[in-house]
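The values are calculated or read from the model by the stated rules, or taken from the named source; none is laboratory data. What you are looking at is a predicted structure, and each value in this text was computed from that prediction instead of being measured. Please note: Cβ atoms are built from the backbone with ideal geometry, for glycine as well, and neighbour counts cover all protein chains shown. Keep in mind that these areas ignore ligands, DNA and RNA; they rest on the heavy atoms of the full protein, side chains included. Shrake-Rupley method; radii C 1.70, N 1.55, O 1.52, S 1.80 Å.
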Amino acid sequence: VANVIASINRICQPATAVTHIELHRPEKRNAMNKAFWREMVECFTQIAEDPDCRVVVVSGAGEVFTAGIDLMDMASEVLQPEVDDMARTSWNMRRIIAKYQETFSVIERCPKPVVVAVQGACVGGGVDLITACDIRLCTQDAWFQVKEVDIGLAADVGTLQRLPKVIGSRSLVNELALTARKMYADEAKESGLVSRVFPDKEAMLAGALEMAGEIAGRSPVAVQGTKVNLIYSRDHSVAEGLNYMATWNMSMLQTDDVMKSAAASMEKKSPKTITFSKL
(Lines give C-alpha, C1' and ligand atoms only; values in the text may rest on other atoms or scores of the structure.)
Protein backbone atom coordinates (compact mmCIF):
# COMPACT_ATOMS: atom_id res chain seq x y z
CA VAL A 1 0.00 0.00 0.00
CA ALA A 2 3.10 2.17 -0.26
CA ASN A 3 1.71 4.13 -3.20
CA VAL A 4 -1.37 5.25 -1.26
CA ILE A 5 -0.50 8.75 -0.08
CA ALA A 6 -3.30 9.61 2.32
CA SER A 7 -3.79 13.12 3.63
CA ILE A 8 -6.15 12.02 6.41
CA ASN A 9 -4.83 8.55 7.18
CA ARG A 10 -1.24 7.57 7.86
CA ILE A 11 -0.32 4.16 6.47
CA CYS A 12 2.72 2.09 7.35
CA GLN A 13 3.86 -1.53 7.65
CA PRO A 14 5.12 -1.96 11.24
CA ALA A 15 5.73 -5.70 10.84
CA THR A 16 5.88 -8.31 8.11
CA ALA A 17 2.50 -8.59 6.33
CA VAL A 18 0.86 -6.13 8.77
CA THR A 19 -0.55 -2.81 7.52
CA HIS A 20 -1.31 -0.07 10.05
CA ILE A 21 -3.83 2.65 9.16
CA GLU A 22 -3.92 5.57 11.57
CA LEU A 23 -6.73 8.13 11.42
CA HIS A 24 -4.64 11.28 11.49
CA ARG A 25 -6.51 14.49 12.22
CA PRO A 26 -5.65 14.76 15.91
CA GLU A 27 -6.19 18.53 15.89
CA LYS A 28 -9.81 17.81 14.84
CA ARG A 29 -10.21 14.76 17.10
CA ASN A 30 -9.97 12.60 13.96
CA ALA A 31 -13.34 13.87 12.75
CA MET A 32 -14.40 12.28 9.46
CA ASN A 33 -14.31 14.83 6.64
CA LYS A 34 -14.92 14.32 2.92
CA ALA A 35 -11.33 13.23 2.30
CA PHE A 36 -11.62 10.53 4.99
CA TRP A 37 -14.68 8.90 3.40
CA ARG A 38 -12.96 8.79 0.02
CA GLU A 39 -9.55 7.64 1.26
CA MET A 40 -10.86 4.73 3.32
CA VAL A 41 -12.40 3.22 0.20
CA GLU A 42 -9.17 3.73 -1.75
CA CYS A 43 -7.05 2.26 1.06
CA PHE A 44 -9.09 -0.88 1.66
CA THR A 45 -9.72 -1.52 -2.03
CA GLN A 46 -5.97 -1.59 -2.51
CA ILE A 47 -5.28 -3.57 0.68
CA ALA A 48 -7.74 -6.25 -0.43
CA GLU A 49 -5.53 -6.91 -3.46
CA ASP A 50 -2.15 -6.41 -1.77
CA PRO A 51 -0.31 -9.76 -1.45
CA ASP A 52 2.13 -8.22 1.03
CA CYS A 53 -0.67 -7.52 3.52
CA ARG A 54 -2.30 -10.29 5.57
CA VAL A 55 -3.83 -8.28 8.42
CA VAL A 56 -4.73 -4.65 9.10
CA VAL A 57 -4.60 -2.60 12.31
CA VAL A 58 -6.69 0.60 12.50
CA SER A 59 -6.07 3.20 15.19
CA GLY A 60 -6.53 6.93 15.82
CA ALA A 61 -3.85 9.56 16.42
CA GLY A 62 -3.97 11.62 19.58
CA GLU A 63 -6.13 11.20 22.66
CA VAL A 64 -9.38 10.09 21.00
CA PHE A 65 -10.18 7.53 18.33
CA THR A 66 -12.69 9.72 16.50
CA ALA A 67 -15.30 12.36 17.24
CA GLY A 68 -17.34 11.02 14.31
CA ILE A 69 -18.55 12.90 11.27
CA ASP A 70 -17.12 16.37 10.61
CA LEU A 71 -20.42 18.24 10.43
CA MET A 72 -18.91 21.51 9.24
CA ASP A 73 -17.13 19.82 6.36
CA MET A 74 -20.01 17.55 5.35
CA ALA A 75 -22.96 19.92 5.74
CA SER A 76 -22.69 21.41 2.27
CA GLU A 77 -23.13 18.03 0.59
CA VAL A 78 -25.74 16.53 2.89
CA LEU A 79 -27.85 19.49 3.99
CA GLN A 80 -27.90 21.75 0.93
CA PRO A 81 -29.68 20.05 -1.98
CA GLU A 82 -28.78 21.32 -5.43
CA VAL A 83 -32.28 21.18 -6.93
CA ASP A 84 -35.81 21.96 -5.74
CA ASP A 85 -37.52 18.88 -7.19
CA MET A 86 -38.12 16.42 -4.33
CA ALA A 87 -37.64 13.29 -6.43
CA ARG A 88 -34.30 14.48 -7.81
CA THR A 89 -33.16 15.69 -4.40
CA SER A 90 -34.06 12.32 -2.85
CA TRP A 91 -32.40 10.37 -5.66
CA ASN A 92 -29.20 12.33 -5.15
CA MET A 93 -29.37 11.96 -1.36
CA ARG A 94 -29.70 8.19 -1.69
CA ARG A 95 -26.61 8.15 -3.90
CA ILE A 96 -24.66 10.16 -1.30
CA ILE A 97 -25.72 7.89 1.58
CA ALA A 98 -24.81 4.76 -0.39
CA LYS A 99 -21.39 6.27 -1.13
CA TYR A 100 -20.76 6.84 2.58
CA GLN A 101 -22.01 3.34 3.45
CA GLU A 102 -19.36 1.97 1.10
CA THR A 103 -16.62 3.55 3.24
CA PHE A 104 -17.23 0.95 5.94
CA SER A 105 -18.64 -1.89 3.86
CA VAL A 106 -15.29 -2.01 2.04
CA ILE A 107 -13.64 -2.84 5.39
CA GLU A 108 -16.02 -5.73 5.94
CA ARG A 109 -15.56 -7.01 2.38
CA CYS A 110 -11.78 -6.86 2.59
CA PRO A 111 -10.64 -10.49 3.05
CA LYS A 112 -7.78 -9.41 5.33
CA PRO A 113 -8.79 -9.41 9.04
CA VAL A 114 -9.02 -5.91 10.53
CA VAL A 115 -8.11 -5.23 14.18
CA VAL A 116 -9.27 -1.85 15.45
CA ALA A 117 -7.77 -0.18 18.53
CA VAL A 118 -9.91 2.49 20.26
CA GLN A 119 -8.84 5.04 22.86
CA GLY A 120 -10.92 7.86 24.32
CA ALA A 121 -14.03 8.82 22.37
CA CYS A 122 -15.54 6.67 19.62
CA VAL A 123 -18.58 8.64 18.53
CA GLY A 124 -21.16 8.36 15.77
CA GLY A 125 -19.34 7.35 12.60
CA GLY A 126 -16.67 5.78 14.79
CA VAL A 127 -19.17 3.13 15.89
CA ASP A 128 -20.09 2.54 12.24
CA LEU A 129 -16.39 2.02 11.52
CA ILE A 130 -15.52 -0.34 14.37
CA THR A 131 -18.57 -2.57 13.86
CA ALA A 132 -17.31 -3.22 10.31
CA CYS A 133 -13.98 -4.45 11.74
CA ASP A 134 -13.28 -8.01 12.84
CA ILE A 135 -11.61 -7.60 16.23
CA ARG A 136 -12.19 -4.62 18.53
CA LEU A 137 -9.81 -3.58 21.32
CA CYS A 138 -9.97 -0.52 23.55
CA THR A 139 -8.31 1.31 26.41
CA GLN A 140 -9.77 1.66 29.88
CA ASP A 141 -10.64 5.30 29.15
CA ALA A 142 -12.52 4.51 25.93
CA TRP A 143 -16.19 5.27 25.49
CA PHE A 144 -18.64 4.66 22.68
CA GLN A 145 -21.69 6.65 21.63
CA VAL A 146 -24.29 6.14 18.90
CA LYS A 147 -24.76 9.89 18.61
CA GLU A 148 -26.97 10.27 15.55
CA VAL A 149 -30.36 10.81 17.26
CA ASP A 150 -28.82 13.78 19.07
CA ILE A 151 -28.23 15.51 15.74
CA GLY A 152 -31.62 14.68 14.28
CA LEU A 153 -31.11 11.57 12.18
CA ALA A 154 -31.10 7.80 12.30
CA ALA A 155 -27.61 6.32 11.89
CA ASP A 156 -27.38 5.33 8.24
CA VAL A 157 -23.92 3.95 7.43
CA GLY A 158 -23.82 0.67 9.33
CA THR A 159 -24.34 0.91 13.10
CA LEU A 160 -28.02 -0.04 13.10
CA GLN A 161 -27.29 -3.02 10.85
CA ARG A 162 -24.03 -4.31 12.36
CA LEU A 163 -24.24 -3.46 16.06
CA PRO A 164 -27.13 -5.93 16.65
CA LYS A 165 -24.90 -8.64 15.13
CA VAL A 166 -22.05 -7.69 17.48
CA ILE A 167 -23.84 -7.25 20.81
CA GLY A 168 -25.98 -10.12 22.07
CA SER A 169 -28.66 -7.96 23.72
CA ARG A 170 -31.10 -6.36 21.32
CA SER A 171 -32.46 -4.33 24.22
CA LEU A 172 -29.02 -2.84 24.88
CA VAL A 173 -28.55 -2.00 21.19
CA ASN A 174 -31.92 -0.28 21.12
CA GLU A 175 -31.11 1.64 24.30
CA LEU A 176 -27.77 2.88 22.96
CA ALA A 177 -29.22 3.89 19.60
CA LEU A 178 -32.35 5.58 20.98
CA THR A 179 -30.85 7.43 23.95
CA ALA A 180 -27.37 8.27 22.56
CA ARG A 181 -25.90 7.54 25.99
CA LYS A 182 -22.22 6.76 26.41
CA MET A 183 -21.01 3.19 26.90
CA TYR A 184 -17.70 2.92 28.74
CA ALA A 185 -14.96 0.32 28.38
CA ASP A 186 -16.08 -2.16 31.05
CA GLU A 187 -19.63 -2.31 29.71
CA ALA A 188 -18.30 -2.55 26.14
CA LYS A 189 -16.24 -5.58 27.17
CA GLU A 190 -19.11 -7.16 29.11
CA SER A 191 -21.53 -6.71 26.20
CA GLY A 192 -19.12 -8.09 23.60
CA LEU A 193 -18.49 -4.87 21.67
CA VAL A 194 -14.78 -5.25 22.43
CA SER A 195 -12.86 -8.39 23.28
CA ARG A 196 -10.02 -6.87 25.30
CA VAL A 197 -9.46 -3.74 27.40
CA PHE A 198 -5.95 -2.33 27.93
CA PRO A 199 -4.74 0.12 30.60
CA ASP A 200 -3.51 2.70 28.08
CA LYS A 201 -2.97 3.43 24.40
CA GLU A 202 0.64 2.24 24.33
CA ALA A 203 -0.28 -1.15 25.78
CA MET A 204 -3.27 -1.42 23.44
CA LEU A 205 -1.24 -0.73 20.29
CA ALA A 206 1.41 -3.21 21.42
CA GLY A 207 -1.34 -5.76 22.00
CA ALA A 208 -2.98 -5.02 18.64
CA LEU A 209 0.32 -5.45 16.78
CA GLU A 210 1.10 -8.66 18.67
CA MET A 211 -2.33 -10.04 17.75
CA ALA A 212 -1.87 -8.92 14.15
CA GLY A 213 1.49 -10.70 14.07
CA GLU A 214 -0.14 -13.92 15.28
CA ILE A 215 -2.76 -13.70 12.54
CA ALA A 216 -0.21 -12.77 9.87
CA GLY A 217 1.88 -15.82 10.82
CA ARG A 218 -0.88 -18.22 9.78
CA SER A 219 -1.73 -19.44 6.29
CA PRO A 220 -3.33 -16.57 4.35
CA VAL A 221 -5.52 -19.14 2.61
CA ALA A 222 -6.85 -20.24 6.00
CA VAL A 223 -7.13 -16.78 7.53
CA GLN A 224 -8.85 -15.05 4.64
CA GLY A 225 -11.16 -18.02 4.08
CA THR A 226 -12.09 -17.90 7.76
CA LYS A 227 -13.02 -14.20 7.61
CA VAL A 228 -15.07 -14.57 4.43
CA ASN A 229 -17.01 -17.52 5.83
CA LEU A 230 -17.59 -15.96 9.25
CA ILE A 231 -19.25 -12.96 7.61
CA TYR A 232 -21.23 -15.15 5.20
CA SER A 233 -22.49 -17.31 8.07
CA ARG A 234 -23.51 -14.24 10.07
CA ASP A 235 -25.97 -13.28 7.35
CA HIS A 236 -27.24 -16.75 6.32
CA SER A 237 -28.79 -19.85 7.86
CA VAL A 238 -26.61 -22.63 9.27
CA ALA A 239 -27.49 -24.85 6.31
CA GLU A 240 -26.58 -22.13 3.81
CA GLY A 241 -23.34 -21.41 5.66
CA LEU A 242 -22.34 -25.06 5.66
CA ASN A 243 -23.08 -25.36 1.96
CA TYR A 244 -21.01 -22.27 1.18
CA MET A 245 -18.19 -23.59 3.37
CA ALA A 246 -18.15 -26.95 1.56
CA THR A 247 -18.03 -25.19 -1.80
CA TRP A 248 -15.27 -22.88 -0.54
CA ASN A 249 -13.04 -25.58 0.89
CA MET A 250 -13.45 -28.03 -1.98
CA SER A 251 -10.85 -25.86 -3.69
CA MET A 252 -9.11 -24.15 -0.76
CA LEU A 253 -8.15 -27.46 0.87
CA GLN A 254 -6.05 -28.18 -2.18
CA THR A 255 -3.19 -26.06 -0.88
CA ASP A 256 0.31 -26.85 0.32
CA ASP A 257 -0.46 -24.73 3.38
CA VAL A 258 -2.38 -27.61 4.96
CA MET A 259 0.52 -30.05 4.73
CA LYS A 260 3.01 -27.40 5.87
CA SER A 261 0.86 -26.51 8.87
CA ALA A 262 0.22 -30.14 9.78
CA ALA A 263 3.93 -30.95 9.64
CA ALA A 264 4.76 -27.98 11.85
CA SER A 265 2.08 -29.01 14.32
CA MET A 266 3.42 -32.56 14.57
CA GLU A 267 6.89 -31.15 15.16
CA LYS A 268 5.41 -28.83 17.82
CA LYS A 269 6.51 -25.76 15.88
CA SER A 270 4.62 -22.49 15.63
CA PRO A 271 2.87 -21.75 12.30
CA LYS A 272 4.96 -18.57 12.30
CA THR A 273 8.02 -20.71 11.51
CA ILE A 274 6.46 -21.63 8.15
CA THR A 275 7.06 -19.64 4.96
CA PHE A 276 3.68 -19.35 3.25
CA SER A 277 3.35 -18.18 -0.34
CA LYS A 278 1.65 -14.83 -0.93
CA LEU A 279 -2.03 -14.82 -1.71
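A few notes on this one:
- Hits among aspartates and glutamates - C-alpha to C-alpha of Lys147 under 18 Å, sequence gap 8 or more where chains match: Asp70, Asp73, Asp128, Asp156, Glu175, Glu187
- Backbone phi angles across segment 206-214, fed through the Karplus curve with coefficients 6.51, -1.76 and 1.60 (θ = phi - 60°), yield HN-Hα couplings of 4, x, 5, 5, 5, 5, 4, x, 4 Hz in residue order; Gly and Pro are listed as x.
- For segment 159-263, the Kirkwood estimate of hydrodynamic radius, built from reciprocal distances between every pair of different alpha carbons, is 16.9 Å.
- Listed peptides 94-100, 173-179, 26-32 by packing density, highest first (mean Cβ within 10 Å): 26-32, 173-179, 94-100
- Electrostatic bookkeeping for Lys28 treats Lys and Arg as +1 and Asp and Glu as -1; over the other residues with beta carbon under 11 Å from its beta carbon, the sum is -1.
- Distance-filtered residues of segment 200-230 - backbone nitrogen under 20 Å, label point 7 angstrom along Ala263 Cα→Cβ: 217-223
- Zone of Asp200's modelled label, taken as backbone nitrogen in segment 129-152 under 14 Å from a point 7 Å along Cα→Cβ: 139-141
- Nonlocal amide H pairs with Arg25, under 5 Å, H built at 1.01 Å: Asn30, Ala61
- Solvent-accessible area, 1.4 Å probe, carbon plus sulfur percent, for the chain: 56
- On a per residue basis, the chain carries 52 Å² of accessible surface, using protein heavy atoms and a 1.4 Å probe.
- Placing dummy labels 7 Å off each Cα toward the beta-carbon, the span from Ala246 to Gln140 is 5.1 nm.
- Calculated FRET efficiency for the pair Val149/Asp84, C-beta based, R₀ 30 Å, to 0.05: 0.60
- Evaluating 6.51 cos²θ - 1.76 cosθ + 1.60 at θ = phi - 60° for every residue in segment 170-183, the Karplus couplings come out as 5, 4, 5, 4, 4, 4, 4, 6, 8, 9, 6, 6, 7, 10 Hz, glycine and proline recorded as x.
- For Val194, the amide hydrogen comes within under 5 Å of the amide hydrogens of Lys189, counting only partners 5 or more places away or on other chains and with H modelled in the peptide plane.
- Theoretical gain in end-to-end length, Thr179 to Leu230 [0.36 nm per residue, Cα-Cα removed]: 15.3 nm
- Subset of Lys112/Lys227; Lys165/Lys227; Lys34/Lys165; Lys201/Lys272; Lys34/Lys99 violating a 18 Å alpha-carbon distance limit: Lys34/Lys165; Lys201/Lys272
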